Structure formats: structure tokens, C-alpha cells
Amino acid sequence: DLHLSIRRQRQMCIRDSGRGSDKDHDGFLDAFSDVPGSSASPQGAYLTAEEYYGKHGRSLRLDGLDKTNANARRRAIVIHSAAYAEPAMIENYGQLGRSNGCIAFSRADLDTFMTLIPQGTLIYVGR
């Protein structure tokens, strides 16, 4: 789970990461990659960029700041909501689905994240 501590608020959100980062689908990130087509989440520091509406609805672009995530824009590694990140997924299947490298939240958790995290915020993806 991603824990957000902002303005003395503690918020727990369900999130999902790339299928290439959790090949055995046990919920733990095993590997990271910035290689296009890897379906893995790239590790490193990011700045949150502009909000947009795309395939998954409300989304947030990310700018990779490290050598390990320099292709984030080119790979379209973004933050978005997805049906496979909803609590019902866990209830029905015992686990979340997986993205192609993006950070995916449930719709409610994405709304919370987007409210608390303004554009230009530094975030880190890693273990």
C-alpha cells in the first residue's frame, strides 16, 4: 500500500504497479525496468506533471528524474485509476490486477491522491 502523509493527514491507498515488476503476482515488486515493452514499473524519483483525461479517465503524467526512469514520458508511465485496482478485485480474486508499468489506483483513491498531491510534487517509486 502507498501511504501518503500530507498536512498531518495519514491516508492509506490501494495501488497497483506493472506486471513486469511482479512476475509471480505475489504483490511484491521484484524488478524494475525503464525498457519499453517490459511492462515493468521504472524505479526512481518523479515529478508529478499535468493532469489529463485519457483511456483510463482522469490521469496524471509523470516526469522521470533518474537514469532508471528517463523513458517515463515515452512509455506513457502515468498515474491513473483502473478497474483492476478496485477493492472488489481483491474481494473477488484475492489480489489486484496489474498495469503495464503505470501506477494504478482505485477511482476513490485516485481522487484522494489527486486532491492531496499537486502538480510538481516529488514522488518516489521503489521498494
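The values are calculated or read from the model by the stated rules, or taken from the named source; none is laboratory data. Not measured: the values here are computed from a predicted model. Heads up, the Cβs are rebuilt from the backbone with ideal geometry, glycines too, and the neighbour counts pull from every protein chain shown. Areas reflect the complete protein model, heavy atoms only, side chains present, ligands, DNA and RNA absent. Shrake-Rupley method; radii C 1.70, N 1.55, O 1.52, S 1.80 Å.
Which residues, counting only those in segment 96-113, are among the small types (Gly, Ala, Ser) and either buried (at least 16 other Cβ atoms within 10 Å of the Cβ) or in contact (Cβ under 8 Å) with a residue 12 or more places away in the chain (or both)?
Restricting attention to segment 96-113, the residues satisfying the condition of being among the small types (Gly, Ala, Ser) are 97, 99, 101, 104, 106, 108.
Listed by number, the residues that qualify are Gly97, Ser99, Gly101, Ala104, Ser106.
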Return only the number of the condition from (1) under 16 Å from Ser41 (Cβ atoms); (2) open to solvent by less than 50 Å² (accessible area, probe 1.4 Å) that Leu116 does not satisfy. (1)
Out of the residues in segment 30-54 that are free of Cβ contacts under 8 Å to residues at least 24 places away in the same chain and under 21 Å from Ala108 (Cβ atoms), state the one that is most open to solvent (accessible area, probe 1.4 Å). Tyr53
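Okay, residues lined up against (1) over 15 Å from the mean Cα position of the chain (by Cα); (2) among the small types (Gly, Ala, Ser); (3) at pLDDT below 85; (4) within 22 Å of Glu50 (Cβ to Cβ):
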{"site": "Asp66", "(1), (2), (3), (4)": "yes, no, no, yes"}
{"site": "Arg73", "(1), (2), (3), (4)": "no, no, no, yes"}
{"site": "Gly94", "(1), (2), (3), (4)": "yes, yes, yes, no"}
{"site": "Arg98", "(1), (2), (3), (4)": "no, no, yes, no"}
{"site": "Asp111", "(1), (2), (3), (4)": "no, no, no, yes"}
{"site": "Arg127", "(1), (2), (3), (4)": "no, no, yes, no"}
Given (1) open to solvent by 20 Å² or more (accessible area, probe 1.4 Å); (2) part of a strand (DSSP E or B); (3) not hydrophobic (A, V, I, L, M, F, W, C), index of the condition Ser59 fails: (1)
Total residues in segment 74-95, condition in contact with a Phe, Trp or Tyr (Cβ under 6 Å, 6 or more places away or on another chain) and either crowded, with 23+ Cβ neighbours inside 10 Å or over 22 Å from Leu47 (Cα atoms) (or both): 1
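May I ask you to list the residues in segment 82-95 that are small (Gly, Ala, Ser), more than 23 Å from Val35 (Cα to Cα) and touching a residue at least 12 places away in the same chain (Cβ under 8 Å)? Quick ask: steps written out before the conclusion?
First, the residues of segment 82-95 that are small (Gly, Ala, Ser): 82-83, 85, 88, 94.
Restricting the remaining residues to those that are more than 23 Å from Val35 (Cα to Cα) gives 83, 85, 88, 94.
Of everything in segment 82-95, those that are small (Gly, Ala, Ser), more than 23 Å from Val35 (Cα to Cα) and touching a residue at least 12 places away in the same chain (Cβ under 8 Å) turn out to be Ala83, Ala85.
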